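As structure tokens, the structure follows; a few thoughts come after it.
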Amino acid sequence: MFADPASREPDGRVMVRRAERLLLDLPALSVEEIGFRGGFESATYFRRVFRAVTGVSPSEYRAAARSAL
């Protein structure tokens, strides 16, 4: 019934890939700030698109990357 949030935003996947790098490269920044720096206009939309593309939330992605080190 509802469209995938990433498909509504043509550059959504590219923006998420940029945010993935920022999440790992800038651990001192909040998830909200990463979303804004990644080009998203709201933290809620960032989280929704990030989960749609990756299958996990930005916080979960960051935590998993930290534990993999």
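The values are calculated or read from the model by the stated rules, or taken from the named source; none is laboratory data. What you see is a predicted model; the values in this text were computed from it and never measured. Positions of Cβ are backbone-derived with ideal geometry, glycine not excepted, and every protein chain shown enters the neighbour counts. Ligands, DNA and RNA are stripped out before the accessible areas are found, and what is left, the full protein with its side chains, is counted by its heavy atoms. Shrake-Rupley method; radii C 1.70, N 1.55, O 1.52, S 1.80 Å.
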Subset of the stretch 44-69, residues open to solvent by 20 Å² or more (accessible area, probe 1.4 Å), assigned to a helix (DSSP H, G or I), among the hydrophobic types (A, V, I, L, M, F, W, C) and closer than 22 Å to residue 11 by Cβ, comes to 52, 53
Quick one: which of 23, 29 is open to solvent by less than 70 Å² (accessible area, probe 1.4 Å) and under 9 Å from the mean Cα position of the chain (by Cα)?
-> 23
Which one is most open to solvent (accessible area, probe 1.4 Å), of the residues in the stretch 32-43 that are small (Gly, Ala, Ser) and touching a residue at least 12 places away in the same chain (Cβ under 8 Å)?
-> 39
Restricting to the stretch 2-20, what's the tally of residues that are crowded, with 17+ Cβ neighbours inside 10 Å and either of a type in the set (D, E, K, R) or at pLDDT 55 or above (or both)?
-> 6
